[in-house]
């Protein structure tokens, strides 16, 4: 038996792995991620040498050609071995936490390192943090699965890997830990904090031992020169929010354009990298290629003594280059481009302020530092991480007041203008409503009647006296009972709390339920055709353990109950359906590039004959080679099954052969 099998067997024999095993696992993940980061940086440097050689030998044409070839290779790697390596990586980690209990395929780590090294090393405009976050998360997930940990503990190890990735890449362990909590998990939780911090520290120790402990930016200390700068920093926060929202929209707009292009992925990534290279026509000098943080560090150290025109070109050029690189599907992060554009935007504000009020605005470089944090916070909606990452990368702690002001203003305004961050928008496009580490929308795909308790519902008559009701609760496992009137209709509910309150008030033991129960007008109910998400929202507002399910035709007719265990069952069912639709969409995406097939979208109205009928009943009318992928109804996505009923206003997405499209429309719109 190999040594790793012995370790696995030892851990599995422990009745409770406890904190020791978890902490040990977190530190191992941190150390391994630190090594992976060093390997990643080394590989980047080697590929960058090839890019420099191509440029020195063949000029700009040689560099653009090499970038196109790099994009072709990256597209092939992603398409052949790891679709998760496409793009900037962090949303894929969040998706795994929300839908798959943190489970990430082991091969993703290797493919992400390779694809991102080629993308960034060749000159693609992307950052190192997204790839190494995904690599660290994949390592944490793999270790957790190998040790047969629960989903909750696997999620924690995924967060540990993400923290280690940021810590190793930027020499910023504190920011790495907060990034894992604030962005990856979506919540600040004490139970995870210790393990995540230890993982980040382990990664930093490993990376510093080989790469040194220097700050990413060697910049002078910039204090707050004058109180009159506060309004200017506030203005910078507003501008940063506007630019962050523009960045999000244009990046995903470019991604949508490339996704609609019906050519193989390697062609898209090659074209994207070639277009990135052509930005050299705007800015000869490669300033916007690669992460660009070296240029920013030098500019801040020199108090951003660039001209406004040059800064404007850098800002627009970096935006375009990042859109082309990542929008086409190449592999890399958005962290570094956000910092780059934030620094340039801040430098522009500082330069204008210095020219107008030189006695107030003394150092434009200070605004560049604040701008970095503000734009990233506006894009990622992670103000704490943004503040700490800039502190740790620059070593400058004297700008705390303007940094906090601009960062928080940027986050709040960006949230107001556009609710999704640069990470969560990608999830929303997959119909995943991310919130606090789980998919908030997933329960809206399951209807109440699918999981409600229909049989053996305990009910009591409205005239049952208090004494008998108390005895009934003593022999019941339920904390609440539905109350029926003389006609068998729903009168209300009565809970054990109602009984205890009535008993403590010493009311007569023969008092009927009608005197102290909760009657129908004050009752929280749910209809059978509503979503479980709506039911959960009503239960959580008052901390209810159950809801009566009634009919819309007769709201006094009790059809069943929704209880906490039904919610859990609904969540499992919803995740199964979500995985099914993702697998179906992936298969359709693979088929999308084939000839003679197409996606079609159909909207139903009240006059359509299929409204009110089930999918099964109209199946014989549909073309043989046709797949109904999803139905969007009232903002929620439903996976169609045989018993799914069509409704007016449904937005149906189907996949069929081109010659069958007209027949499909006719099947659903004509009688």
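The values are calculated or read from the model by the stated rules, or taken from the named source; none is laboratory data. Source: prediction; values computed, not measured. Note that each Cβ is placed from the backbone with ideal geometry, even for glycine, and that neighbours are counted across all protein chains shown.
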| note | If you go through 180, 164, the only one that is part of a helix (DSSP H, G or I), assigned by TED's automatic domain parsing to the domain that holds residue 54, crowded, with 24+ Cβ neighbours inside 10 Å and touching a residue at least 60 places away in the same chain (Cβ under 8 Å) is 164
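Take residue 312 and decide whether it is over 20 Å from residue 371 (Cα atoms) and assigned to a helix (DSSP H, G or I). Working first, answer last.
Numbers: over 20 Å from residue 371 (Cα atoms): no; assigned to a helix (DSSP H, G or I): yes.
It is false that residue 312 is over 20 Å from residue 371 (Cα atoms) and assigned to a helix (DSSP H, G or I).
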| task | Check residue 582 against each of (1) farther than 22 Å from residue 662 by Cβ; (2) modelled with pLDDT under 80; (3) in the same structural domain as residue 647 (by TED's automatic domain parsing) and name the one condition it does not meet. | result | (3)
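Is it the case that residue 141 is closer than 21 Å to residue 78 by Cα and either assigned to a helix (DSSP H, G or I) or touching a strand residue (DSSP E or B) at 6+ places or on another chain (Cβ under 9 Å) (or both)? Let's see the steps before the verdict.
On the way: closer than 21 Å to residue 78 by Cα: yes; either assigned to a helix (DSSP H, G or I) or touching a strand residue (DSSP E or B) at 6+ places or on another chain (Cβ under 9 Å) (or both): yes.
Yes.
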| message | Let me confirm something: among 258, 247, 304, which residue is touching a helix residue (DSSP H, G or I) at 6+ places or on another chain (Cβ under 9 Å), in contact (Cβ under 8 Å) with a residue 60 or more places away in the chain and at positive phi? | response | 304
| note | Within segment 112-149, the count of residues that are surrounded by fewer than 24 Cβ atoms within 10 Å (Cβ to Cβ) and over 22 Å from residue 277 (Cα atoms) comes to 7
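Whether any residue in segment 43-53 is under 20 Å from residue 172 (Cβ atoms), in contact (Cβ under 8 Å) with a residue 60 or more places away in the chain and part of a helix (DSSP H, G or I) is what I want to check. Give the derivation first.
Narrowing segment 43-53 to residues under 20 Å from residue 172 (Cβ atoms): 44.
In the following step, the residues that additionally are in contact (Cβ under 8 Å) with a residue 60 or more places away in the chain were identified as 44.
With part of a helix (DSSP H, G or I) added as a condition, the list becomes 44.
Yes, that holds for at least one residue.
One line per residue, one yes/no per condition, for (1) modelled with pLDDT of 90 or more; (2) out of contact with any helix residue (DSSP H, G or I) (no Cβ under 7 Å at 6 or more places or on another chain); (3) over 27 Å from residue 80 (Cα atoms); (4) not in a loop (DSSP other than H, G, I, E, B):
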site: 112; (1), (2), (3), (4): no, no, no, yes
site: 118; (1), (2), (3), (4): yes, no, no, yes
site: 145; (1), (2), (3), (4): no, no, no, yes
site: 154; (1), (2), (3), (4): no, no, no, yes
site: 192; (1), (2), (3), (4): no, no, yes, yes
| said: Go through segment 351-375 and report how many residues are in contact (Cβ under 8 Å) with a residue 60 or more places away in the chain and either under 28 Å from the mean Cα position of the chain (by Cα) or assigned to a helix (DSSP H, G or I) (or both). | reply: 12
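Residue 223: in contact with a strand residue (DSSP E or B) (Cβ under 7 Å, 6 or more places away or on another chain) and at pLDDT below 90, yes or no? Explain how you work it out, then say what you get.
Details: in contact with a strand residue (DSSP E or B) (Cβ under 7 Å, 6 or more places away or on another chain): no; at pLDDT below 90: yes.
Against the criterion (in contact with a strand residue (DSSP E or B) (Cβ under 7 Å, 6 or more places away or on another chain) and at pLDDT below 90), residue 223 does not qualify.
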